[in-house]
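The values are calculated or read from the model by the stated rules, or taken from the named source; none is laboratory data. Bear in mind that the values here come from a model prediction, so they are computed numbers and not experimental data. Counting neighbours? That spans all protein chains shown, and the Cβs are built from the backbone with ideal geometry, glycine included.
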Amino acid sequence: MNLRRRYLRDRVMQGLVYLGTLAVLLPLFFILYYVFVQGIGALDLAFFTRPPAPPGEGGGGMLPAIVGSLVVDLIALALAAVFGVAAGVLLAEYPDHPLNPFLRLVSDVMAGLPAILMGLVAFVLVVKPMGHFSGFSGAVALALIMVPIITRATEGVLKLIPWEITEAGLALGLPRWRVILSLVLPAARGGILTGLMLALARGAGEAAPLLFTAFGNPFLTLNPLEPMDTLPLKLYVYAISPYEDWHRQAWGAALLLAAAIMVANYLARRATRS
Amino acid sequence: MPGWLYQRLGDRLFSALVVGLALGVVLAALAIVWVLYQGGREALHTFGFLGFLTGSRWDAVRGEFGAWPPLLGTLVTSAAALFLAFFPALSAALFVVEFAPRALKGAVAYLIDLLAALPSVVYGLWGIFVLVPLVRERVELPLFTWAAAHAPGLLAFLGPPTGIGMLSAILVLALMIVPYASALARDALALVPQSQREAMYALGATRWEVIRRVVIPYARAGIFSGVVLALARALGETMAVTMLIGNSVNLPYTLFGPAATMASLIANEFTEAEDDLHLSALIAVGFVLLLIALATNLVAAWVLRRMSLGEGRK
């Protein structure tokens, strides 16, 4: 092949790559733009401070869903953090433990399971025995989604901590548990925080596993043993409703969610750097 | 605190705690499999596992449940979305790693990561209010009227041009997995050592030849496992598909017409399921979805494991 043709092919392929990239970025940019433009108008004071109005009446807001999102997501994160960080510590700090091969396989596979399956599991394990839907059952479903993310992040960052830190601790006569708790984990704080943020961002956007666990509730409640609304759940219900004003609020919820997730991702990146 | 307590017992307690909690994670994973199997057993028992998989009627009123329609819907939408998403996702990854100037690199990568994290319901909302009208007016109606005039045989294949249906679901699925697949492919491409590229340039290769002969072959296992993971994500994607696909389990499906996937069927019918058999059939659909997701994830893990053994081996 002569040089001219090789250059030509190089140029053509470069053009194709640019085109393909544009084909990815344009629609995605379009989505973000639309969410912003449509959503910004819906984010008024009532949106944040009022419960929903009866169907078709217009007005009202998302207060129960915002509060519910916070409650459900934070319970889920607390549950997932305890199990996920411990699993990550076991994988990184006790590398020879016989449980580890299973644990690694399990957390890899769990991370790829459809979120809606976690909802089914939480329905059978929590909703059925309790006899009714609840925010807590939704938190269990979300925790199942978050655990593998936290486990992986924790393991990854703990493995980056220099072994000399552990050695220094052991040389001072500290037992393993003290070394891990007081030296290794604090050194890995940023990375673990990143994992928690990413898990939170992932869980906060999920609606599918909450459809038949948290279920939704138009009234403000702080009690996680009652059914609860969350933002993604409300967004879904409003989006498929026939009411103009609910559509407007759905865009508002979409913008709020996107912004929250953007912030969480940004914080996660910053925590990694520091 | 006495030394033995601090030294011996402390270590024992701590490792017992860590192992116990980690065991909880393993048990939770086993519980997922067990619960879905147990929950679906009644339906699987009534129709038989194969009978359930191949049954082509899903009729809650008559108590007849076959998982073939949603299974078909899942496979077709995911495969089509992956087909549409593959080359754009790879080009975006190549752009970020190989072509983009430094200033643009970070911005594009950040945008793609952000969109990979955007919730499914947001894509669904955008799909309902922007994509569906667009698809109906610009794609489906023209095609439909053209087919009606020139090729009436196609009409049965195209279906009603309402905008809500399989085509919209495929398009939004493709949009959703593009950032995810692209981020994974980017990670794989970024792992290619710079020395490999430099060696090729030193031989006088053009940029495309370096990519074609060195970068892609070196990263192909990572790219492939990324593709499989993107497929796994498409298979289980629920909300956006539920909002756009029209949720009809009646075969035959058409390109424009309503259809259902396994995830959308569960999301749509679960809270309305009245009798035990219906509920059990829905959980059994979840069990089938679990098996498919497990298989795709294990394939991805296997491919990745092969990659970490050797670099660009044949």
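Here's a check for you: in the range B:127-157, which residue that is facing another protein chain (nearest Cβ under 10 Å) and over 19 Å from the mean Cα position of the chain (by Cα) is nearest to residue A:145 (Cα to Cα)?
B:128
Quick one: count up the residues across the range B:246-304 that are acidic (Asp, Glu) and under 16 Å from the mean Cα position of the chain (by Cα).
Here the count works out to 0.
I want to confirm something. Restricting to the range B:148-181 and keeping residues that are β-branched (Val, Ile, Thr) and not in a helix (DSSP H, G or I), which single residue is nearest to residue B:79 (Cα to Cα)?
Taking the candidates together, the pick is B:164.
Exactly one condition in (1) at positive phi; (2) touching a strand residue (DSSP E or B) at 6+ places or on another chain (Cβ under 6 Å) is not met by residue B:246; state its number.
Only one criterion is unmet by residue B:246, namely (2).
All but one of (1) of a type in the set (D, E, K, R); (2) in contact with a Ser or Thr (Cβ under 9 Å, 6 or more places away or on another chain); (3) closer than 30 Å to residue A:250 by Cα; (4) modelled with pLDDT under 90 hold for residue A:93; state the number of the condition that does not hold.
Looking at each condition in turn, residue A:93 falls short on (3).
Just the residues that are outside any helix (DSSP H, G or I) and out of contact with any strand residue (DSSP E or B) (no Cβ under 6 Å at 6 or more places or on another chain), please, taken from the range A:113-143.
A:113, A:114, A:131, A:132, A:134
Among A:185, A:256, which is the only one that is surrounded by fewer than 24 Cβ atoms within 10 Å (Cβ to Cβ), in contact with a Phe, Trp or Tyr (Cβ under 9 Å, 6 or more places away or on another chain) and at pLDDT 90 or above? Quick ask: steps written out before the conclusion?
Numbers: A:185 fails: in contact with a Phe, Trp or Tyr (Cβ under 9 Å, 6 or more places away or on another chain).
Every option except A:256 fails the conditions.
With B:294, B:265 as the choices, which residue is in a helix (DSSP H, G or I) and within 28 Å of residue B:225 (Cβ to Cβ)?
B:294
Assuming residue B:306 fulfils every condition listed in (1) in a helix (DSSP H, G or I); (2) without any contact (Cβ under 8 Å) to a residue 40 or more places away in the chain apart from one, which condition is it?
In the conditions (1) in a helix (DSSP H, G or I); (2) without any contact (Cβ under 8 Å) to a residue 40 or more places away in the chain, residue B:306 misses (2) alone.
It is to be established whether one or more residues within the range A:242-252 are away from chain B (no Cβ under 13 Å), closer than 22 Å to residue A:48 by Cβ and over 16 Å from the mean Cα position of the chain (by Cα).
yes
All but one of (1) assigned to a helix (DSSP H, G or I); (2) more than 13 Å from every other protein chain (Cβ to nearest Cβ); (3) over 17 Å from the mean Cα position of the chain (by Cα); (4) surrounded by fewer than 17 Cβ atoms within 10 Å (Cβ to Cβ) hold for residue B:79; state the number of the condition that does not hold.
Looking at each condition in turn, residue B:79 falls short on (3).
Which numbered condition trips up residue B:115, out of (1) under 16 Å from the mean Cα position of the chain (by Cα); (2) at the interface with chain A (Cβ under 10 Å from one of its Cβ atoms); (3) surrounded by fewer than 23 Cβ atoms within 10 Å (Cβ to Cβ)?
Looking at each condition in turn, residue B:115 falls short on (3).
Let me confirm something: among A:266, A:236, which residue is modelled with pLDDT under 90 and either part of a helix (DSSP H, G or I) or in contact with a His (Cβ under 8 Å, 6 or more places away or on another chain) (or both)?
Answer to the check: A:266.
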